[in-house]
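K.L.:
Dumping the structure here so I can ask a few things about it.
The values are calculated or read from the model by the stated rules, or taken from the named source; none is laboratory data. Since the structure is predicted, the reported quantities are computational estimates derived from the model, not experimental observations. For neighbour counting, all protein chains shown are included, and Cβ atoms are generated from backbone atoms with ideal geometry for every residue, glycine included. Note: accessible area is taken over every heavy atom of the protein model, side chains too, but ligands, DNA and RNA are not part of it. Shrake-Rupley method; radii C 1.70, N 1.55, O 1.52, S 1.80 Å.
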Amino acid sequence: MTDVEHVLAVNCELGEGPIWNVQEQKLYWVDILQNTIHTYQPERQIHQAIEFEDHVCAMGFRKKGGMVLATRKHFAMWDDDLQTVEELEFDLKDNRFNDGAVDRQGRFWAGTMNPSSPTGSLYRLNHDLTVEKMVTGVTISNGIGWSPDNTTMYFTDSPLCVIYAYDFDPPTGSISNKRVFIQIGDAGVPDGLTVDSEGYIWSARYGGAKVVRYSPDGKFDREIALPVEKVTSVALGGPDLTDLYITSAWEGYTEVEIQENPMAGDLFRAVVEVPGLPEPYFLG
Ligand code: BGC
Ligand code: CA
């Protein structure tokens, strides 16, 4: 069994969206519901938390400096201050942004969610800061990633228990040929994901107390058990990109459940053999 290390008792209500910054050797992740960006530098064991006035749901590193963000309803840029780029779905009151990721051509993708109706969409923020709606009819937008050869994009809709695959065209960023890549039948729902350098997919299992690795042809490869149920997302980081960082949540728990799950919301790490790929920068 792979050892899982309890890295940080950070107690996120909804820890999400970890990304590793190679240059800074630092992990970034969000607590969506507590409006916070967290960072952790393992070498020096320094943890920082930056609070915002609104949810920060997804983010990427920006080449020009700072971060590209998806807040509750906006694409935004954040450096010392927050600059709104565009508001989305202002007419859909119960929708908010959820997971997002930067592709290798430097575009930022982020999707919206509404657990009770499939009114979410997946959007692409281009280099010129124009926004395109790429997928509609989504329930909970989650787990986005690309194969190492950049011909396939993965995209998760959690309550449907599906990770979809699309053909991806790198120069234009267009997607086609949607198909079911993984249909989950056991405990929990698929949440955040990352693709490693062999093209295998690590998918966090929210409500399932584990992360699961799938082969590029959609077969179960292995799983790592976690001491928390609500496992939200994964990122490969560390000096060799072989440290699998895992975020978690306590959202929706009663007071009693919170007491019974003292590590829910914390940050975990498991060392794996196959390294990840460096996180691309947003080029807008
Ligand atoms: C969302 C949560 C949701 C979970 C499981 C997360 O990405 O932010 O609100 O409960 O996925 O679907
Ligand atoms: Ca997620």
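K.L.:
Run the numbers for D81 and D217: contour at 0.36 nm per residue of separation, minus the present Cα-Cα distance, in nm.
P.N.:
So the extension gain works out to 44.7 nm.
K.L.:
Give the cross-link partners of K63 among the aspartates and glutamates, using a straight C-alpha distance below 17 Å as the criterion and excluding same-chain residues fewer than 8 apart.
P.N.:
E24, D79, D80, D81, D103, D128, E279
K.L.:
Given contacts defined as C-alpha pairs under 8 Å and at least six residues apart, what's the relative contact order of the chain, whole-number percent?
P.N.:
Rounded, it is 20 percent for the chain.
K.L.:
While we're looking at this one, here's another question. Treating only the Cβ of Lys, Arg, Asp and Glu as charged (+1, +1, -1, -1), what charge dipole size does the chain show about its Cα centre? Round to the nearest 20 debye.
P.N.:
Dipole of the chain, to the nearest 20 debye: 600 debye.
K.L.:
Could you point to the residue in G60, G100, L283 farthest towards the positive end of the chain's charge dipole, with +1 and -1 charges on the Cβ of Lys/Arg and Asp/Glu respectively?
P.N.:
L283
K.L.:
Once each part is reduced to its C-alpha centroid, what is the distance from segment 136-163 to segment 19-80 in angstrom?
P.N.:
22
K.L.:
Hey, another quick one. Viscosity 1.002 mPa s, temperature 20 °C: Stokes-Einstein D of segment 5-282 from its Kirkwood Cα radius, in µm² per second?
P.N.:
The Stokes-Einstein estimate is 117 µm²/s.
K.L.:
Go through E89, E273 and list them by solvent-accessible area, largest first, probe radius 1.4 Å.
P.N.:
E273, E89
K.L.:
Which value in deg cm²/dmol, rounded to the nearest 500, describes the helix-derived mean residue ellipticity at 222 nm for the chain, given -39,500 (n - 2.57) per DSSP H run of n ≥ 4 and division by the residue count?
P.N.:
So the helix-based figure for the chain works out to -500 deg cm²/dmol.
K.L.:
Something else: What is the spread of the Cα atoms of segment 1-156 along each of their three principal axes, largest first, in whole Å?
P.N.:
Dimensions of segment 1-156 along the principal axes of its Cα atoms: 43, 38, 38 Å.
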